[in-house]
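All of the numbers you see were taken from the coordinates with simple rules; none came from a lab. None of these values were measured; they are calculated from a predicted model. Cβ placement follows ideal geometry from the backbone for every residue including glycine, while neighbour counts extend to all protein chains displayed.
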Amino acid sequence: MGLDAYLEDEFGGELDLFIDDGGMLAAAIPNGNPDYPMLRYVDVEGVTAFNRLQLAVVIPELEKLSENAGANTKHALSRVLKMARKAVSEPHLYLSLLGD
C-alpha cells in the first residue's frame with residue numbers, strides 16, 4: 001500500500017508529485033500516535049490535504065519521523081518535506097496525500 005504525495009495549487013493543479021511505489025511513506029505514518037497531532041490523522045486509504053497553516057505543524061512532525069528513518073524512508077520523507085516547505089512559502093498551495 002502506497003501513500004502518494006502531491007503539491008497542488010488552489011485549482012487542483014499538480015505542481016510536484018511523489019509516488020510511493022514501495023509503500024515506505026505509508027509505513028512511516030504514525031496512525032493514531034498522539035505524539036504526532038496532525039500526521040496521526042492521515043488516512044492511508046483515502047485523501048488527506050494540508051493547507052499552509054496546518055503544514056506549520058506537519059513539517060516538524062515529518063522532520064521528527066525522518067530523524068530515525070532508514071535510507072529509503074528518509075528519501076520519501078525528504079521529498080514530502082520539500083513539497084510541504086514549498087506549500088508553506090506561498091499562498092494557495094496544498095500538500096495532499098493520496099492512499100491506496
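Picking from residues in the stretch 20-68 that are of a type in the set (Val, Ile, Thr) and under 22 Å from residue 93 (Cβ atoms), the one that is surrounded by the fewest Cβ atoms within 10 Å (Cβ to Cβ) is 47.
Of all residues in the stretch 60-82, those that are within 19 Å of residue 35 (Cβ to Cβ) have Cβ atoms under 7 Å from Cβ atoms of residues that are of a type in the set (D, E, K, R), 6 or more apart or on another chain, in 66/74; 81/63. Mind checking which pairs have a first residue in the stretch 44-57 that is within 23 Å of residue 100 (Cβ to Cβ) and a second that is of a type in the set (Ser, Thr, Tyr), Cβ under 8 Å, 6 or more apart or different chains? Once the first residue is within 23 Å of residue 100 (Cβ to Cβ) and sits in the stretch 44-57, its partners that are of a type in the set (Ser, Thr, Tyr) give 47/96; 48/41; 48/96; 49/94; 49/96; 50/94; 50/96. Any idea how many residues of the stretch 9-33 are touching a helix residue (DSSP H, G or I) at 6+ places or on another chain (Cβ under 8 Å), touching a residue at least 12 places away in the same chain (Cβ under 8 Å) and not in a helix (DSSP H, G or I)? So the count comes out to 8.
Of everything in the stretch 71-100 that is part of a helix (DSSP H, G or I) and among the hydroxyl-bearing types (Ser, Thr, Tyr), the residue that is farthest from the chain's Cα centre (by Cα) is 89.
Kindly indicate the residue of the stretch 1-19 that is surrounded by 11 or more Cβ atoms within 10 Å (Cβ to Cβ) and small (Gly, Ala, Ser) and also farthest from residue 79 (Cα to Cα) among those meeting that condition. Taking the candidates together, the pick is 2.
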